[in-house]
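The values are calculated or read from the model by the stated rules, or taken from the named source; none is laboratory data. Treat the numbers as computed from the prediction; the structure is a model and nothing was measured. With ideal geometry, Cβ positions are generated from the backbone for all residues, glycine too; neighbour counts draw on all protein chains shown.
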Amino acid sequence: MELTREKALELLHRHVKGEGMIRHCLASEAVMRALAAKLSQNTEVWGLAGLLHDLDVEITQADPFVHGQQTAGLLDGYDVDPEMLDAIAMHNEMSSGAERNTMFQHALAAGETITGLIFATTYVYPDKKLSSVKPASVVKRMKEKAFAASVKRENILECEKIGIPLPEFAELCIRAMLPVSEELGL
């Protein structure tokens, strides 16, 4: 069966109950579509990877050693791009133990991670809306000691492995999330 965005949303809502995690997946989808467009990749496949990368997060209880690995089983019966499955499995390098080696893997690790940092930035400043978050403030938050615990600097820096400097990457991600900011509660 073809995996459409509608089917992916159904799967997401079936397996992920936390509203914050669902919003994070929607933000990651927007970011991955923007990255795919910038890098001349398949926006649909990359968007689905962003949407589904945390499909197993509640099943695995976000255990960093297995998170991402069970998503393939949750997608049984769907015609899924193998590169997408690899990128999802590799978005958390601790679970696979392998080094990322494709543009898709680097992009998903960086894209989904920076959405977490942008969310954290808006939570630290609750009166701040996404539209007022500046790329420089995101870069600054990466350098702070009180960096968001669930966000890994190393993953965000994967953007440089796909040829996008961090300030440009932060700007691209914020712009990608703006059209869905109301839906994200940002």
- Please specify each residue of region 6-21 satisfying the condition of being under 16 Å from the mean Cα position of the chain (by Cα) and at pLDDT 95 or above. Ala8, Leu9, Leu12, Val16
- How about region 120-130: which of its residues are modelled with pLDDT of 75 or more and more than 19 Å from the chain's Cα centre (by Cα)? Lys129
- Taking region 9-48 as the region of interest, how many residues are more than 29 Å from Gly163 (Cα to Cα) and surrounded by 15 or more Cβ atoms within 10 Å (Cβ to Cβ)? 5
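Quick check on Arg100: is it at pLDDT below 95, among the basic types (Lys, Arg), closer than 24 Å to Leu184 by Cα and in contact with a helix residue (DSSP H, G or I) (Cβ under 7 Å, 6 or more places away or on another chain)? Break it down stepwise before answering.
Details: at pLDDT below 95: yes; among the basic types (Lys, Arg): yes; closer than 24 Å to Leu184 by Cα: no; in contact with a helix residue (DSSP H, G or I) (Cβ under 7 Å, 6 or more places away or on another chain): yes.
Answer is no for this residue.
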- Query: Just one of the numbered conditions (1) over 14 Å from Leu35 (Cβ atoms); (2) modelled with pLDDT under 90; (3) surrounded by 13 or more Cβ atoms within 10 Å (Cβ to Cβ) is not true of Ile88; which one?
  - Reply: (2)
- Query: Can you pull out the residues in region 138-186 that are within 20 Å of Arg23 (Cβ to Cβ) and either at pLDDT below 85 or outside any helix (DSSP H, G or I) (or both)?
  - Reply: Val138, Arg141, Ala148, Ala149, Ser150, Val151, Lys152, Gly185, Leu186
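For region 49-74, enumerate the residues that are surrounded by fewer than 21 Cβ atoms within 10 Å (Cβ to Cβ) and aliphatic (A, V, I, L, M).
Kept after step one, since they are surrounded by fewer than 21 Cβ atoms within 10 Å (Cβ to Cβ), are these residues of region 49-74: 58-66, 69-70, 72-74.
Of everything in region 49-74, those that are surrounded by fewer than 21 Cβ atoms within 10 Å (Cβ to Cβ) and aliphatic (A, V, I, L, M) turn out to be Ile59, Ala62, Val66, Ala72, Leu74.
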